[in-house]
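What follows is a single structure, written as structure tokens, with notes after it.
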Amino acid sequence: MYDLIIVGGGPAGSAAGRIAGKAGLKTLLIEKEEFPRYKPCGGALSDHAMSYLDFEIPGKLIEKEIYGSRICFSDQVIERFKDYRISVIVTRSKLDSFLLEKAQETGIEIIHGEKVTSLSNGSDHVTVRTKGSTYKSRFVILATGSQSPLKNTVRRKDKKREYGICIVTEVEEDNEAIDRYIRKSIEMRFGVSGMGYGWIFPHDNYYSVGIGGVANFLPDPNGAIREYLEENGFRGKYKLKGHVVPCGGYKRNLTDNRIILSGDAAGFVDAFSGEGLAYSIKSGQIAAEVISDVLSSSSCADMVQLKEYERRCYREFGEHLRYSLIFARIMHKFPKLTFNIFTKEEAIIDKFLEVAAFRLSYKQYLKWLLFNFRPGWLLKSRF
């Protein structure tokens, strides 16, 4: 009997595992793949996300440092920089392997290459089954990402308007050419896909190029990225990888008796930018902390205590995600008007970079917009 089983070895699972191990919980982490494994992702890791960690990300994993953003719509281009770093660029396969190693050094048990097929939520434990084995635990954290059906044991399936589809590929290029094109910034182009955007992120000797949009507005994602690649001068044969990303800001059930959802499985993703790493790391940490508190309390049979997980996540970032959804709807409902305003008022894009750096919340940003500019399209919006 384990105290805790964590399903999934990505950032949420690793973060939970490190907290559980340091708390002395008998913990098993089950990961369906062998690490390192490919992970389709732009690879932007914010300084805010790194601030949650109790260790440094080694320099060998950092490929680029990002200080600004190039935002495009139609023939309009806005490029702004800050005097502080906003994020770093990493390759997710390397980052995820490193984070899992940091979890394992706390003494937790890790199994690679074994897929969990089902869960049975009992009165005093959870039974976890894989193809070849059965495990039992007092509690389970599902950190399986957004595509695993296991999360639906806790919450309903997302509707098509509640998740996005992303398609990404890698385009080889030498670092000198990358620095000439997009030095120390990332590029985001709107109007490419439904309620989403296309991106070009600089890596070490390659670009991460992709598009993402809300599922019910993006009927042909493969066609959309091929068009996007062509428009940006990338005419080779590229291997396309797709994945599903939840839109944050929607109300979802996060706990069920002895099971907690964290990271993408819980829907913790910025609906506008697609940022999920910070919320994965922090939600995994909170989940393990709450379970540790329940196990050490005299009334650990009272599963109402797990609801503290939902309360803590909302206090930490729930409101921010809710307003990211509001902001995404505004931007994609009035893209031309929005970019006309952004182009005329440099302060607007400057201020938005503070949101990207987590120095300002979406709520504060929207209030600042209304107070300083009172744009009619924003005042008339229905969210």
Straight-line reach from Lys26: which lysines have a Cα under 30 Å away, not including same-chain ones fewer than 8 places off?
Lys39, Lys94, Lys102, Lys115, Lys131, Lys136, Lys151, Lys282, Lys307
Using alpha carbon positions and the Kirkwood radius, the Rg to Rh ratio of the chain is 0.97
So for segment 160-246, averaging the separation of alpha carbon pairs under 8 Å that are six or more residues apart and normalising by length, what relative contact order in percent results?
42 percent
Test of understanding: given the chain, find the longest segment containing no trypsin sites (Lys or Arg not before Pro) that are in a DSSP loop and have at most 11 other Cβ atoms within 10 Å.
1-130
Give me Met188, Met50 ranked fewest to most by other Cβ atoms within 10 Å of their Cβ, as a rough exposure proxy.
Met50, Met188
Quote the relative contact order of segment 214-296 in percent (integer), defining contacts as alpha-carbon pairs under 8 Å separated by 6+ residues.
21 percent
Residues Tyr279, Tyr181, Tyr228, sorted so that the one with the fewest Cβ neighbours within 10 Å comes first
Tyr181, Tyr228, Tyr279
Pull up the DSSP beta bridges for the chain and report the antiparallel fraction as a percent, rounded to 5.
70 percent
Just rank Phe268, Phe317, fewest to most, by other beta-carbon atoms within 10 angstrom.
Phe317, Phe268
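No value in this document is a laboratory result; all are computed from the given coordinates. This structure is a prediction, so every number in the text was calculated from the model and none was measured. Every residue, glycine among them, receives a Cβ derived from its backbone with ideal geometry; neighbour counts consider all protein chains shown.
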